[in-house]
1. Suppose we filter Arg76, Arg45 for residues that are open to solvent by 60 Å² or more (accessible area, probe 1.4 Å), assigned to a helix (DSSP H, G or I), farther than 22 Å from Glu7 by Cβ and modelled with pLDDT of 75 or more; which single one remains?
2. Pairs please, first residue from the stretch 47-61 and farther than 14 Å from Trp14 by Cα, second anywhere and open to solvent by less than 100 Å² (accessible area, probe 1.4 Å) and at pLDDT below 90, Cβ atoms under 9 Å, 6+ apart in sequence or on different chains.
3. Has the stretch 54-61 got at least one residue that is under 15 Å from the mean Cα position of the chain (by Cα) and at pLDDT 90 or above?
4. All but one of (1) farther than 30 Å from Leu9 by Cα; (2) of a type outside the set (Asp, Glu); (3) surrounded by 10 or more Cβ atoms within 10 Å (Cβ to Cβ); (4) at pLDDT 75 or above hold for Asn108; which doesn't?
Amino acid sequence: RDEEAFEKLMKIHWGFVYSIARGSLNNDALAEDATQQAFIALSNRADKLSKNTSLGLWLYRTVNYEASNIRRREQRLQKRNHDYAMLPDESSGNKNHLSAKLHLALSNLSNKDRELILLRFYEGLTAE
């Protein structure tokens with residue numbers, strides 16, 4: 001894989017891929033994530049694509065897949081946040097303070113680490 005050629009491909013197709021993600025997700029930051037994930041997937045699988053593969057179509061399908069994953073992740077996160085907000089607590093000021101601290105701590109994690117924490121502690125999943 002030639003890095004210069006890959007960089008050129010990214011420059012050529014970035015706008016196309018991003019616009020698909022943006023239209024699907026309605027959020028600039030999430031569309032950027034989906035676009036990056038699509039190009040990471042291309043980087044990881046470039047040597048496995050046949051010469052007959054339409055790169056545009058492959059990127060279209062891949063970014064839609066990535067956008068779908070991100071949308072599901074965001075929906076799970078919103079549900080968790082809603083469920084947490086509905087917990088009974090006599091001192092709502094304290095709960096709001098803890099919630100803000102928790103969100104700040106989670107936002108400082110990488111996407112992968114944040115997903116691991118959320119899967120483990122909110123969905124009860126383990127490494128098994």
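The values are calculated or read from the model by the stated rules, or taken from the named source; none is laboratory data. All values derive from a computational prediction rather than experimental measurement. Here Cβ is always computed from backbone atoms with ideal geometry, including for glycine, and neighbour counts include all displayed protein chains. SASA here: full protein model, heavy atoms, side chains in, ligands and nucleic acids out. Shrake-Rupley method; radii C 1.70, N 1.55, O 1.52, S 1.80 Å.
1. Arg76
2. As it stands, the answer is Leu49/Leu55, since those pairs meet every condition given.
3. The answer is no; no qualifying residue exists.
4. Exception for Asn108: condition (3).
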